[in-house]
Amino acid sequence: ISQGEVNRFYEDNKALFDADESLFKGLLLVLPAKAPNLNKVRKWCVDMNSEALEEIETYSAENALVYEYLMDRWYPLSDVVKHTPLTEFQLMERLSRKKTIEFKEDGKVYFVCSDTILREGDTLPVELVSAEINELLLNSRRADFIKRKKKDLYEEAKAKGAITINNQQIASDEIIKK
């Protein structure tokens, strides 16, 4: 199955690929409220370029209570929520207004930096469903092949006179459907 076939199927059937939960790409950082250089962390979280991400990773090794790099694939937003005192609704509401949010609670500072968010019900990107589409297309081809093979075998047997059903000639389509 080519990527072009997958893309065509995806474009023709987008309604089949709605997210059944909110998904997130970004990072989560939980620091003690008295962690050093919080102003730098804020700047890095806003910048979110490769240099800033390296700085965050280095800084987190020494200072973070939680550091989750979630940029390499889609993660359920519920996984991020588990590390914060917010509900999924509260987190989604804040992230819909700003890509980087910061809040303090219980002696901790939380940074949630989103690269991309999909809400429940949004159409999933093709990258997330291409394996599923590939499997659907392969199964469809297998089913077509089996149906053709059954018909060919039936026609071959009928031509050789090897099939008699109740002393009647029965159309090949009737047998194949059974």
Residues that are over 25 Å from Pro36 (Cβ atoms) and not basic (Lys, Arg), drawn from the stretch 47-85: Asp72, Trp74, Tyr75, Pro76, Leu77, Ser78, Asp79, Val81
Residue in the stretch 10-21 that is open to solvent by less than 50 Å² (accessible area, probe 1.4 Å), among the hydrophobic types (A, V, I, L, M, F, W, C) and touching a residue at least 40 places away in the same chain (Cβ under 8 Å) present: yes
Pairs with Cβ under 6 Å, 6+ apart, first in the stretch 146-171 and at pLDDT below 75, second surrounded by 11 or more Cβ atoms within 10 Å (Cβ to Cβ): Ile163/Ala157
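The values are calculated or read from the model by the stated rules, or taken from the named source; none is laboratory data. Just so we're clear, the structure is a prediction, and the values are computed from it rather than from any experiment. Note that we place each Cβ from the backbone using ideal geometry, even for glycine, and neighbour counts take in every protein chain shown. Note: accessible area is taken over every heavy atom of the protein model, side chains too, but ligands, DNA and RNA are not part of it. Shrake-Rupley method; radii C 1.70, N 1.55, O 1.52, S 1.80 Å.
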